[in-house]
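Okay, structure first, notes after.
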Amino acid sequence: MRMARIEGYATATIKHKSLSGWRLVLAQPLTSADEPEGPPQLVIDQFGAGIGSRVLISSDGSETRKIVNDPLSPARWCVLGILNDGVNLHT
Amino acid sequence: MATVVGRVVLSVRHSAFKGERLLLVQPWKTETFAGKQEYDFAIVAYDQFGAAVGQTVAISEGREAACPFPHPTPVDAYVAALVDEYFYKPEGSPSKGV
């Protein structure tokens, strides 16, 4: 699980059938210091997270396959939840 | 996200590959999202949707790349979607989309 910030979204007409109907957002993984780390990932979003909001994402493909309800889905990342505003990642 | 840069054709193939279409794709780096022509090292991805050279695609890597196949298939990267358009606006910068 990683903290990430929603920085965009993507649309696709031709895609694996398991992805139809799902929102694909671009999530930038963050370090504990709130700095971007690694390239943004395309993530299945079931909660309607807005641009700029911080979310918890998971790379657990088996959970993502359960969310899209298709055991043959190639989807890997999913949004697990939206962080409350003002959550401080610094300890 | 990745950009298709070429095709790979096999004359001798693994028995799990039948009628496969393999593409050479360059995964995007953070700089690519910002509009620069910088990419990660090219990888070979399995394509079932007919992506063309120059097209932007969504790829799955790792365990999930082999999931769409009913039988165990040696696939490391799989084209999951052909991206029509995307919107990208990192915090504190002007928006960028295609």
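FYI, it's all coordinate maths here, none of it is from the lab. These numbers were taken from a predicted model, which means no experiment stands behind them. Glycine also receives a Cβ, built like all others from the backbone with ideal geometry; neighbour counts cover every protein chain displayed.
Things worth noting here:
Here is a yes/no grid of residues against (1) out of contact with any Gly (no Cβ under 8 Å at 6 or more places or on another chain); (2) over 22 Å from B:Phe33 (Cβ atoms); (3) facing chain B (nearest Cβ under 8 Å):
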| position | (1), (2), (3) |
| --- | --- |
| A:Arg23 | no, no, no |
| A:Ser32 | yes, yes, no |
| A:Val43 | yes, no, no |
| A:Leu56 | no, no, no |
| A:Arg65 | yes, yes, yes |
| A:Asp70 | yes, yes, no |
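- Tally of residues being buried (at least 20 other Cβ atoms within 10 Å of the Cβ), touching a residue at least 24 places away in the same chain (Cβ under 8 Å), out of contact with any helix residue (DSSP H, G or I) (no Cβ under 9 Å at 6 or more places or on another chain) and not aliphatic (A, V, I, L, M) across the stretch A:10-44: 1
- Any hit, the stretch A:60-79, residues being part of a strand (DSSP E or B), of a type outside the set (D, E, K, R) and over 26 Å from B:His71 (Cα atoms): yes
- Residue match in the stretch B:28-43 (condition: within 11 Å of chain A (Cβ to nearest Cβ), touching a residue at least 40 places away in the same chain (Cβ under 8 Å), assigned to a strand (DSSP E or B) and within 26 Å of A:Gly38 (Cα to Cα)): no
- Of all residues in the stretch B:1-22 being within 14 Å of another protein chain (Cβ to nearest Cβ) and hydrophobic (A, V, I, L, M, F, W, C), the one that is farthest from B:Ala65 (Cα to Cα): B:Val4
- Selection over the stretch B:58-81 of residues that are touching a residue at least 24 places away in the same chain (Cβ under 8 Å), among the hydroxyl-bearing types (Ser, Thr, Tyr) and within 17 Å of A:Val68 (Cβ to Cβ) gives a count of 1.
- Residue within the stretch A:1-10 that is assigned to a loop (DSSP other than H, G, I, E, B) and among the hydroxyl-bearing types (Ser, Thr, Tyr) present: no
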